[in-house]
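The values are calculated or read from the model by the stated rules, or taken from the named source; none is laboratory data. Nothing here was measured: the structure is a model prediction, and the numbers come from that model. All Cβ positions, even for glycine, are placed from backbone atoms using ideal geometry, and neighbour counts span all protein chains on display. Surface accessibility is based on the protein's heavy atoms, side chains included, excluding ligands, DNA and RNA. Shrake-Rupley method; radii C 1.70, N 1.55, O 1.52, S 1.80 Å.
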Amino acid sequence: MDRIRIVGGQRLNGTIPISGAKNAALPLIIAALLSEETLILDNVPRLADVIQLQRILGNQGVDIMIAGKRPGDDPNSGRTLHISAKRIVDTTAPYELVSKMRASFWVIAPLLGRMGEAKVSLPGGCAIGTRPVDLLIMALEALGAEIEIEAGYVLARAKNGLRGGEIKFPKVTVGGTHTALMAAALARGTTVIENAAREPEIGDVADCLNKMGAKITGAGTSRIVIEGVTRLHGARHTVLPDRIETGTYALAAAMTGGDVLLANARPELLQAALDVLVQAGVTVTSTNEGIRIARNGSGLSPVEVTTAPFPGFPTDLQAQLMALMTRAKGTSHITETIFENRFMHVQELARLGARIQLSGETATIEGVARLKGAPVMATDLRASVSLVIAALAAEGETMVNRVYHLDRGFERLEEKLSQCGAAIERLST
Ligand code: EPZ
């Protein structure tokens, strides 16, 4: 199993190219199931989660061709996928695959919309919280699907096709909104989604669906209206930059000090996180090429942050911010409101010398003068990368175990950081 070895203390200086967003690429690939024609996606990140999803779609008879690089192509731009769901041969998504990646549950919506049936495994447990799918099922039922749950599988049927309807989410759900959008695209009549998630990845998927011939308005606001169409055609779409990868490297640069350009990053995708960095005393500048993050010698100020759906501070940056605050001059408070169990990094950060107290959903972080390297491991993607951030500023060597979590969501992490001067390497055993 691969491990990552980091020797802390180096400042980061240089340019880090930001990849396409994992959390947009996954639903975009799933959206290809809605059409018989080919969907071409550019800037798809090279990630374990994308490969896992390709396996699931392969099971259903989808052909995915990964275009090779051409001379002159930017080495940092992601892959181009040609996805063709001309003939769907299987409307099942089995437990063995869905349990490894929750977002694959979302295939239920296009399968139901196009084929009138789907049998998709319930995703099962998760390291960051219980994460039920009741609201996704509610949304499908609102569009006329008949749902049964049997032996761990959701059996969904719409014999005569789905019909438009009103979906009112009692809480903001990204997966629920993606599911509702995809199901409504091919439903008969108009669907209105109230209290829709406003995450930029929802807007990206809606843009792509519109290029495929869907009629969606209001994506990016909390009220989305979809006029169903009878079929969708092929299209070409570029995946938007990853705001969580951007925020992660911004926090890493803030942690080590130095001056880093996050190339291709878009500030409007993570304004709340950039505001927090400014409060902490970090210099944030938007340029034509991306976002520049700089901190020279000055100490970090503590912050008070509560995670919230977009445009609030993202839960997917909570662990990384906590790593940064372990070195602040004073006491910070971070409250997690999206997932009930997303504090698995706390004990691991403590192994590096962090002082963090947990009380319910709030962590109190007392900044310390120094962290010290140690062997650590984490149980999810964002928690793992928070340990990398802490290790970059810790004295001596940190060995991060269970690197497969990082590979799910960060493309060439050790390469991107070492190009900016970090002492980081992957050890394969
Ligand atoms: C998406 O997960 C992201 N995943 C997550 O990123 C992200 O943390 C999350 O949105 C919140 O921003 C992808 O986009 C692939 P939700 P999702 O439905 O859609 C509850 C990462 O690290 N809920 O918005 O599963 C749920 O338990 C990942 O990249 C229900 O109660 O999240 C949570 O408390 C981790 N019933 C809240 O809603 C439901 O049916 C928000 O979850 C669905 C959700």
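What to note about this one:
- Of the listed requirements (1) away from the ligand (no atom under 13 Å from the Cβ); (2) surrounded by fewer than 23 Cβ atoms within 10 Å (Cβ to Cβ); (3) not in a helix (DSSP H, G or I), L97 misses just one: (3).
- The requirement of being assigned by TED's automatic domain parsing to the domain that holds Q318 and assigned to a loop (DSSP other than H, G, I, E, B) is satisfied by V368.
- Entry remark, the range 142-159: residues being more than 16 Å from the ligand (Cβ to nearest atom) and among the small types (G, A, S) number 4 in total.
- Of all residues in the range 297-308, those that are within 10 Å of V276 (Cβ to Cβ) have Cβ atoms under 8 Å from Cβ atoms of residues that are open to solvent by 50 Å² or more (accessible area, probe 1.4 Å) and in a strand (DSSP E or B), 6 or more apart or on another chain, in E304/H333; V305/H333.
- Residue in the range 1-30 that is nearest to K372 (Cα to Cα), counting only those that are within 16 Å of the ligand (Cβ to nearest atom) and in contact with a strand residue (DSSP E or B) (Cβ under 7 Å, 6 or more places away or on another chain): I18
- The listed residue being hydrophobic (A, V, I, L, M, F, W, C), in contact (Cβ under 8 Å) with a residue 40 or more places away in the chain and either within 16 Å of the ligand (Cβ to nearest atom) or over 25 Å from K86 (Cβ atoms) (or both), out of A184, A139: A139
- Tally, over the range 219-229, of residues that are surrounded by 15 or more Cβ atoms within 10 Å (Cβ to Cβ) and either more than 16 Å from the ligand (Cβ to nearest atom) or hydrophobic (A, V, I, L, M, F, W, C) (or both): 7
Conditions tested, residue by residue: (1) within 28 Å of E245 (Cβ to Cβ); (2) of a type outside the set (A, V, I, L, M, F, W, C); (3) open to solvent by 50 Å² or more (accessible area, probe 1.4 Å).
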| position | (1), (2), (3) |
| --- | --- |
| I40 | yes, no, no |
| N43 | yes, yes, no |
| V50 | yes, no, no |
| R55 | yes, yes, yes |
| P75 | yes, yes, yes |
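- Lone qualifier among A328, A319, A308, A350 - being more than 17 Å from the chain's Cα centre (by Cα) and either of a type in the set (S, T, N, Q) or open to solvent by less than 40 Å² (accessible area, probe 1.4 Å) (or both): A328
- Residues in the range 15-38 that are among the β-branched types (V, I, T) and out of contact with any helix residue (DSSP H, G or I) (no Cβ under 6 Å at 6 or more places or on another chain) were compared, and the one that is least open to solvent (accessible area, probe 1.4 Å) is T38.
- Scanning the range 230-256 for residues that are in contact with a strand residue (DSSP E or B) (Cβ under 8 Å, 6 or more places away or on another chain), of a type outside the set (D, E, K, R), open to solvent by 10 Å² or more (accessible area, probe 1.4 Å) and in a loop (DSSP other than H, G, I, E, B) turns up H233, G234, L240.
- Per the listing V376, V385, the residue uniquely of a type in the set (V, I, T), in a helix (DSSP H, G or I) and crowded, with 18+ Cβ neighbours inside 10 Å is V385.
- Restricting L81, L112, L97 to residues that are within 22 Å of the chain's Cα centre (by Cα), modelled with pLDDT of 95 or more and not charged (D, E, K, R) narrows the list to L81.
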